[in-house]
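> Sharing a structure, written as structure tokens. Questions coming.
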Amino acid sequence: MKEIIVIGGGPAGLMASITAAEGGGRVMILEKNSEAGRKILSTGNGRCNFTNRHMDACCYNTDDRKRMMAVIDAFGNEALIDFFRDLGVMTTERDGWCYPASLSAESIQLALISRAERLGVKIKGGKTVRAIRKKTNRFLVDTDGYSYESDAVILSTGGLAAPGSGSSGDGFSFLSELGVGLIDPSPALVPLVTEDSFLKKASGVRVDAGLTLLIEGKEAGSSYGNLQITDFGISGIPVFQLSSKAVRALDQGKDVEIAVDLLPEIDESAIYEYMQMAAESLKETDMTWLLVSGFFPRKLAKALMGKSMTIGEWDGRPPRTRGIVLRIKGSKGFGSAQTTSGGVPFSELSCDLSIKGIPGLFVCGEIVDVDGICGGYNLQWAFSSGHAAGKGVL
Ligand SMILES: Cc1cc2nc3c(=O)[nH]c(=O)nc-3n(C[C@H](O)[C@H](O)[C@H](O)COP(=O)(O)OP(=O)(O)OC[C@H]3O[C@@H](n4cnc5c(N)ncnc54)[C@H](O)[C@@H]3O)c2cc1C
């Protein structure tokens, strides 16, 4: 019976363990935290958006979309929904975003742990791995005070996002020591820091908006959703969706901007006509109030007008609501990120997700150079790649 050590008991490591144990492997998980799958509990605001009905390569950033999709297609969204149903976890969905019907991430965490334990997987919590060593055809895995031995190792230590949950980049260090080439990791699904802009005066406001990412002045992506205006810049799902590309471009020294359309479905001229019409018919003289009553929260209306003003002070021009260009300076970093861009490129991997030139060493999950947009794509990748590594290791 093949002895397999899985380093890191997140969603990828748990799925890899289950698949390997189902195939007859003897599996042990070494997990830094006292319990496995702790990060799962904070996903989807505690509800765990574990996959999406719409699965497409364009929902991911990676160095090799074709090979990434081959891994996802082998254990895709429908297979994952069936897998959880077979464990007693029903699915509910909103606009294709899939959650456990309990709307509690704990359902997913516990289903994975109990399936693994029923298959005989030993989950050792509170074990931080310090090094991986190759010893002829075996591996030595060093923890504080004890060295474990196995035929194969699956490395699923995650990336650098949300380091408080245990994933602090240890896997990248182990791989670098073994001579594996990595793409520099950077934060993804992360709030963005902007240069000073009048919009910061509306800090705290949330508003539905359309965003366009501009890299060196050229359109590089767009998104729509609930924008959060903050004192440092911008946040919220539409910002996260563009953040991976934005941060990568900044790392390459490129100019990055985001153009904000506050009312993409309404023309600025329509806002102007409304203000004129309402000023006449309502006999209202406070122009900021007209913007508030018609379209925006007061703080944002004031930021758009420059200040509170009466009709007498108004220059008769519509406030700027479209193409508000924000210059992006950086991101809020790994501490505020939901995932990691970069990591192990597919060029270092065989089709079964083993490292080329190191037989028996596999990787899966966030450690691989795959990052998805919001909507369940990152957990789907963790589960699909965990499944691939768990099969490949046997
Ligand atoms: C706040 C938040 C919300 C999110 N929401 C969603 C969502 O709704 N949908 C979605 O698809 N994705 C979401 N994500 C992303 C998703 O959680 C990750 O993509 C996923 O957890 C990655 O799985 P993983 O198993 O590769 O890594 P991780 O989940 O990071 O697991 C890695 C594990 O390895 C352990 N470990 C690390 N180093 C060592 C070591 N040296 N020794 C032993 N153990 C070690 C860690 O403690 C950890 O348990 C969210 C992320 C965050 C932070």
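> First measure r as the distance between the Cβ atoms of MET90 and LYS307, then evaluate 1/(1 + (r/R0)^6) with R0 = 45 Å and state the FRET efficiency to the nearest 0.05. It would help to have the intermediate numbers written out before the result.
Details: r = 53 Å, r/R0 = 1.19.
About 0.25, to the nearest 0.05.
> Return the single residue from GLY376, GLY316, GLY357 with maximal mean-square fluctuation; model: Gaussian network over the chain, springs between Cα atoms under 10 Å.
Result: GLY316 has the largest fluctuation of those listed.
> Cut-off is 10 Å between beta-carbons; in what order do PHE83, PHE172 appear when sorted fewest neighbours first? Don't skip to the end; give the middle numbers.
Working: PHE83 19, PHE172 23.
Fewest-to-most Cβ neighbours within 10 Å comes out as PHE83, PHE172.
> Right, next: Can you give the FRET efficiency to the nearest 0.05 for ASP142 and LEU41, using r as the Cβ-Cβ distance and R₀ = 30 Å? Present the calculation step by step, with values, prior to reporting the outcome.
Values: r = 29 Å, r/R0 = 0.95.
With R0 = 30 Å, the Cβ-Cβ based efficiency is 0.60.
> Please list, in chain and number order, the residues 5+ apart from SER203 or on another chain whose amide H is under 5 Å from its amide H, with Hs placed from the backbone.
Result for SER203 returns nothing.
> Here's a follow-up. Tally Lys/Arg at +1 and Asp/Glu at -1 over every other residue whose Cβ is under 12 Å from the Cβ of ASP196; what's the total? Please list the in-between numbers first.
On the way: positive: LYS200, LYS201, ARG327, LYS329; negative: GLU195, ASP231.
Every neighbour counted, the sum reads +2.
> Can I ask one more? Starting from the amide H of ARG47, placed 1.01 Å from N in the peptide plane, find each other amide H under 5 Å away whose residue is 5 or more places distant or on another chain.
So ARG47 has HN proximity to ALA105.
> Which length gain, in nm to one decimal place, applies between SER347 and ARG206 when the Cα-Cα distance is subtracted from 0.36 nm times their residue separation? Let's see the in-between values first.
Numbers: separation 141, 0.36 × 141 = 50.76 nm, distance 4.15 nm.
Value of the extension gain: 46.6 nm.
> Kindly work out what percent of the DSSP beta bridges joining two residues of the chain are antiparallel, to the nearest 5. Mind dumping the intermediate values first?
Numbers: 54 of 70 bridges.
Here the antiparallel bridges make up roughly 75 percent for the chain.
> Contour minus end-to-end for LYS218 and TRP289, with contour as 0.36 nm per residue of separation and end-to-end as the Cα-Cα distance?
Residue separation times 0.36 nm, minus the Cα-Cα distance, leaves 21.9 nm.
> Roughly speaking, what is the stretch gain from ASP64 to LYS135, that is 0.36 nm per residue apart minus the C-alpha to C-alpha distance, in nm to one decimal?
Extending this stretch completely gives an extra 22.4 nm.
> Can you tell me the order of 206-215, 119-128, 265-274 when each peptide is scored by its average per-residue count of other Cβ atoms within 10 angstrom, highest first? List each step's numbers first, then the result.
Numbers: 206-215: 18.9, 119-128: 16.5, 265-274: 14.0.
Taking the mean over residues of other Cβ atoms within 10 Å, the ranking is 206-215, 119-128, 265-274.
> Place a label point 7 angstrom from the Cα of ASP251 along the Cα-to-Cβ direction, then list the residues of region 315-345 whose backbone nitrogen is under 12 Å away.
Counting only backbone N, you get 334, 340-345.
> Rounded if a/c is under 1.5, else prolate if a/b beats b/c, else oblate: with a ≥ b ≥ c from the C-alpha gyration tensor eigenvalues square-rooted, which is the chain? Intermediate values should be presented prior to the final figure.
On the way: a/c = 2.86, a/b = 2.27, b/c = 1.26.
It comes out prolate by the Cα gyration axes.
> Please list 3J(HN,Hα) in residue order for region 135-152, calculated via the Karplus relation 6.51 cos²θ - 1.76 cosθ + 1.60 where θ = phi - 60°; whole Hz, with x for glycine and proline.
10, 6, 9, 10, 10, 10, 10, 8, 10, 4, x, 8, 10, 9, 10, 7, 7, 8
> Another question about this same structure. Nearest 10 degrees is fine. How inclined is helix 377-392 to the longest principal axis of the chain, computing both from alpha carbons?
Between helix and principal axis, roughly 10 degrees.
> To the nearest 500 deg cm²/dmol, what mean residue ellipticity at 222 nm is calculated for the chain from DSSP H runs of n ≥ 4 alone, each contributing -39,500 (n - 2.57), summed and divided by the residues? Each step should come with its number before you reach the end.
Numbers: 10 runs with 116 residues, N = 394.
Computed mean residue ellipticity for the chain: -9000 deg cm²/dmol.
> I've got another one for you. Please arrange SER104, SER235 by counting, for each residue, the other beta carbons lying within 10 Å of its beta carbon, fewest first.
Values: SER104 15, SER235 21.
In order of increasing Cβ crowding within 10 Å: SER104, SER235.
> List the residues whose amide H sits under 5 Å from the amide H of ALA131, counting only those 5 or more places along or on another chain, with H placed 1.01 Å from N in the peptide plane.
The answer is ASP142.
> Further question on the same structure: Pairs of Cα atoms under 8 Å, at least six residues apart: use those to get the relative contact order of region 191-332, whole percent. All intermediate terms of the calculation are to be shown ahead of the outcome.
On the way: 269 pairs, mean separation 45.6, N = 142.
About 32 percent, as a whole number.
> In percent, how large is the relative contact order of region 326-394, given Cα pairs closer than 8 Å and 6 or more residues apart?
Relative contact order of region 326-394: 32 percent.
> What angle, in degrees between 0 and 90 and rounded to the nearest 10, separates the Cα long axis of helix 77-86 from the longest principal axis of the Cα atoms of the chain?
Approximately 60 degrees, to the nearest 10.
> Rounded to whole Å, give me the distance from the Cα center of region 44-113 to that of region 139-196.
23 Å
> Cα centroid distance between region 283-305 and region 198-226, in Å?
Result: 20 Å between the Cα centres.
> Using the Karplus curve 6.51 cos²θ - 1.76 cosθ + 1.60 with θ = phi - 60°, work out ³J(HN,Hα) for each residue of region 55-63 in order, rounded to whole Hz, and write x for Gly and Pro.
My calculation for region 55-63 gives 10, 8, 4, 6, 7, 10, 10, 6, 7 Hz in order.
> Right, something else. Please find the FRET efficiency linking GLU265 to ALA101, where r is the Cβ-Cβ separation and R0 is fixed at 35 Å, and quote it to the nearest 0.05.
On the way: r = 33 Å, r/R0 = 0.95.
Result of the calculation: an efficiency of 0.55.
> Now a separate question. Using Cα atoms only, what is the angle between the long axis of helix 268-282 and the major principal axis of the chain, expressed in degrees (0 to 90) to the nearest 10?
Helix 268-282 sits roughly 50 degrees off the main axis of the chain.
> Normalising by the residue count of the chain, find the relative contact order in percent from Cα pairs under 8 Å and 6+ residues apart. If you can, show how the numbers build up before the last one.
Numbers: 909 pairs, mean separation 98.6, N = 394.
It comes to 25 percent, rounded to a whole number.
> If each Cα of region 223-351 is one equal point scatterer, what is log10 of I(q)/I(0) from the Debye formula at q = 0.11, 0.20 Å⁻¹?
Taken in order of the listed q values, log10 I(q)/I(0) reads -0.53, -1.13.
> Got a sec to turn the phi values of region 199-204 into Karplus ³J(HN,Hα) couplings, 6.51 cos²θ - 1.76 cosθ + 1.60 with θ = phi - 60°, whole Hz, x for Gly and Pro?
Karplus-based 3J(HN,Hα) across region 199-204 equals 5, 4, 5, 9, 3, x Hz.
Every read-out reported here was derived from the displayed coordinates using simple, explicitly stated rules and does not represent laboratory data. Note that the coordinates shown come from a computational prediction; the quantities given were computed from them, not determined experimentally. With ideal geometry, Cβ positions are generated from the backbone for all residues, glycine too; neighbour counts draw on all protein chains shown.
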